[in-house]
Amino acid sequence: MNEQQKKKLDIFFARTFNNLLSLEEIALCKRGINDLSVREVHVISAVINLEQNGNNTMSQIANSLNISVGALTTAVNTLIRKGYLKRAAYEADRRIVLVNATASGQAVNNKHEEFHQLMLEQVAAVIDEDDLESLTLSLEQLSVFFESYAKKI
């Protein structure tokens, strides 16, 4: 990779990350979600995704978000207080605590998914099919890299 490519990638990652967070924050506000941060919405989303397979324990949720269980505990406590999540005991082993979304949490997640769907549709509208295929493959490789890199640090 040459210096120009490094610079372009660095700018791309910084701008894209910041732009996505800003867009998501604006989209949440426009959808009437004013009491949650983007990070809190992502916690709710992770809980719902893991709930579907019965993998919604604190450690599994923290792992999926690449955060510590302690950081997740703080977020979950806040989201329980706000009415978006609830705790439940695992029937087979009462020592295990499951985290579930409330109806309010489900509603927020639905609005969040609507934003993501709209964003994907708009990207697909401006990138032709061949380029979209190349982009998708490249982003999959980046995702694998970042996930493995996160485990090393």
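Restricting attention to segment 4-14, does a residue exist that is over 15 Å from the mean Cα position of the chain (by Cα) and not in a helix (DSSP H, G or I)? No, because not a single residue in segment 4-14 is over 15 Å from the mean Cα position of the chain (by Cα) and not in a helix (DSSP H, G or I).
Evaluate the following for Asn19: is it closer than 26 Å to Lys151 by Cβ and of a type outside the set (Gly, Ala, Ser)? Considered against the rule, which asks whether it is closer than 26 Å to Lys151 by Cβ and of a type outside the set (Gly, Ala, Ser), Asn19 comes out as no. A search for C-beta distances below 8 Å between a residue of segment 7-19 that is without any contact (Cβ under 8 Å) to a residue 12 or more places away in the chain and any residue that is outside any helix (DSSP H, G or I) and exposed (fewer than 10 other Cβ atoms within 10 Å of the Cβ), counting only pairs 6+ apart in sequence or on different chains, returns Leu9/Met1. Of the set (1) buried (at least 17 other Cβ atoms within 10 Å of the Cβ); (2) farther than 19 Å from Thr102 by Cβ; (3) hydrophobic (A, V, I, L, M, F, W, C), all apply to Leu23 but (1). The one condition from (1) touching a strand residue (DSSP E or B) at 6+ places or on another chain (Cβ under 7 Å); (2) at pLDDT 95 or above; (3) not acidic (Asp, Glu) that Asn77 does not meet is (1). The C-beta contact set for segment 30-44 (first residue in a helix (DSSP H, G or I), second residue among the hydroxyl-bearing types (Ser, Thr, Tyr), distance under 6 angstrom, 6+ apart or interchain) comprises Ile44/Tyr84.
The values are calculated or read from the model by the stated rules, or taken from the named source; none is laboratory data. Predicted, not measured: the structure shown is a model, and the values here were computed from it. FYI the Cβ positions are ideal-geometry reconstructions off the backbone, even for glycines, and counts take in every protein chain you see.
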